[in-house]
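The values are calculated or read from the model by the stated rules, or taken from the named source; none is laboratory data. This one's a predicted model, so the numbers in the text were calculated from it and none came from an experiment. Cβ placement follows ideal geometry from the backbone for every residue including glycine, while neighbour counts extend to all protein chains displayed.
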Amino acid sequence: MNRFDSRRDKLLSLVNAFLLILLAFTTLYPFWDLLVLSFSDREDALRMGFRLYTDNPTLSAYQQILSAPEIGRSFLNSVIRVVGATCISLFLTALTAYPLSKRDMPFNKVFTGLFLFAMMFTGGTIPTYLLIKQLGLIDSLWSLILPGAMVPYNLIIMRNFLRSIPDSLEESAKLDGASNFRIWRSIIMPLSKPVLATVALWVAVAQWNAYFDALIYITDRSKFVVQVILRRILLENQMDMYTTVVNTEDIASLSTEESVKAALVMVSTLPIIAVYPFLQKYFTKGIMLGAVKG
Amino acid sequence: MPPHVGGQQGILVCKGEPIMSKAKSVALERSLQLRDQKPLLKRMLSYRDMYLMMIPGLAFLLLFQYGPMYGVVIAFKEYNIIEGIWGSPWVGLANFEEFFSSAEALQVLKNTIIISFLRLAITFPVTIIVSLMINEVSNNAFKRVIQTISYLPHFMSWVIVAGIVINVLSPSTGIINAAIKALGGEPIYFMTSNFWFRPVLVLSSLWKEVGWGTVLYLAAVSNVDAEQYEAAIVDGATRFQRIRHITLPALYPVMTIQLILSMGTIMNAGFDQVFNLYNEMVYETGDIIDTFVYRKGLVEMNYSFSTAVGLFKSVVGLILTVSVHLITRRINGGEFGLW
């Protein structure tokens, strides 16, 4: 490589780094803008253009959110749904994946086929809605937890992982007369921690972000989840229904509607940010598991 | 004891070195297996607790995935609440005829396919280019920062991303319109413009998913032998030549799979995104099959009609997915199917 090439290489690296910084900035700026907006007072919030900082930070938008009982309640409902669905789903998926990982089990292909077909073909919105109604789950948080508990895709991923565990590990326990259930609990599950973590995070993130089921199955406002409140406030401009102005004289000191919206976005993404290091690690792992299944 | 093929491998393998040819060992395994073959009932009995373990999972599957499939019959009926799914009168294909003879059918089908293809045409190449760019970074700390930041929006719900998009594109306070005004232009009402709605869809999904999309490609690149690059440098290959002749070919398999996979989901134009971003003003360019099904069914309460349209979409989707699976399997010689 001559000197001209190496100089050109350095220039290329710089251009590349600059473009990637631009990409990162484009990704981050909208979040940063909302973060600053959420702390801005009335005057700053209505300013147009780039928003990199605010001179007079105020917590009033966050106070407005905290003083709204329905918003707090919706966070609790979301937590209930995430925890409930993750526990049930993880247990069901792990329990079902183990037998399906045994290629020699008679009728394995039939059972696997049932799950695969459900992955490719669904009844659709209305038939599912009618079923939930028939089961009496309308306006119950169970309508958000139970239907999504058995995700065929997660099951296949877990089955493939279990297949990679050598049978020889189970042999000795089998000779000692341990039942399959015991082998599952004391040998297979401890070895499956990475895939369990992956599936748990998949379910948890999907449940935290899910809004459509909650939108159509839940009409009781005390059972709304965060995403539904977000949708009503961010996209349908129904903020007045959730935050109450206590004293009209205070209106000048209150944050703008836009700031309250921004604060709400910040608070509702906080759980995702909190587990983000794990998400990055296990989701990346999971995408590989999905890529080499076969 | 059930025949465990894996367990028998111990006989054939010595200190991890195979002592007979693979074909021979497979043949031996098969003969051992055949000798072990017990009657079906006996084999099933030996798996009885395995079957018991599957019962809860199967119950959930049958109730929540197959239960709604029964409800699909209302696509061929005129559903009314009093008579229920079974009691409502049959109408044959009337609901399908109504859909296909309506002006909306053409519009939502057209929108669905156009939006899917536009998104693919932009997202697919841009993701590859960004992967190549990230791969060229030699400083690992910088690389990790870029990856960490660019993956972030993938984990946000479309409700939140829609809120962000509306904020960024707002005609009064949005940064884009601030720039337009600063340059002396008139503010653009992006969210209510039939001209802008599709570009907004494509660009916002690019913004959300481009970083995450690089994961698979970067994994494929990491499998390339570093010696190949060293040899290329010795031979005097420029950076672009190395990308063109080493990195890019390493990505071809993933590219093929990704491209074929997206063909299987062409009927899904992104319900969550469109549903959270669209409004009556942009039905003309933005209303897709899924949003149409939602409105007809849950807003207008036209259950049978909505189910029929949804069923049409599901069947086309199923045919596409299965074909794609068969193609993928053929390309990879049975090594890499979708399941």
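Remarks
Yes or no, residue by residue, for (1) assigned to a helix (DSSP H, G or I); (2) β-branched (Val, Ile, Thr); (3) crowded, with 18+ Cβ neighbours inside 10 Å; (4) not assigned by TED's automatic domain parsing to the domain that holds A:MET158:
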residue	(1), (2), (3), (4)
A:SER6	yes, no, no, yes
A:ILE21	yes, yes, no, yes
A:PRO30	yes, no, yes, yes
A:ASN77	yes, no, yes, no
A:ILE88	yes, yes, yes, no
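- In this structure, B:MET281 does not qualify as at the interface with chain A (Cβ under 10 Å from one of its Cβ atoms) and at pLDDT 90 or above.
- Selected residue [surrounded by 15 or more Cβ atoms within 10 Å (Cβ to Cβ), in contact with a Gly (Cβ under 7 Å, 6 or more places away or on another chain) and of a type outside the set (D, E, K, R)] from B:LEU311, B:LEU277: B:LEU311
- Test: residue in region A:100-113 that is within 13 Å of another protein chain (Cβ to nearest Cβ), under 28 Å from the mean Cα position of the chain (by Cα), over 30 Å from B:GLU136 (Cα atoms) and surrounded by fewer than 16 Cβ atoms within 10 Å (Cβ to Cβ): yes
- Within region A:131-164, the set of residues being of a type in the set (S, T, N, Q) and in a helix (DSSP H, G or I) comprises A:GLN134, A:SER143, A:ASN154, A:ASN160.
- Where a residue in region A:158-183 is within 17 Å of A:THR93 (Cα to Cα) and its partner, wherever it lies, is surrounded by 13 or more Cβ atoms within 10 Å (Cβ to Cβ) and polar (S, T, N, Q), with Cβ under 7 Å and at least six apart: A:MET158/A:THR93; A:ARG159/A:SER101; A:PHE161/A:SER192; A:LEU162/A:SER101; A:LEU162/A:SER192; A:ARG163/A:SER101
- Selection status of A:PHE121, closer than 26 Å to B:ASN302 by Cβ and more than 22 Å from the chain's Cα centre (by Cα): yes
- Within region A:210-235, being without any contact (Cβ under 8 Å) to a residue 24 or more places away in the chain and crowded, with 21+ Cβ neighbours inside 10 Å holds for A:TYR211, A:ARG231.
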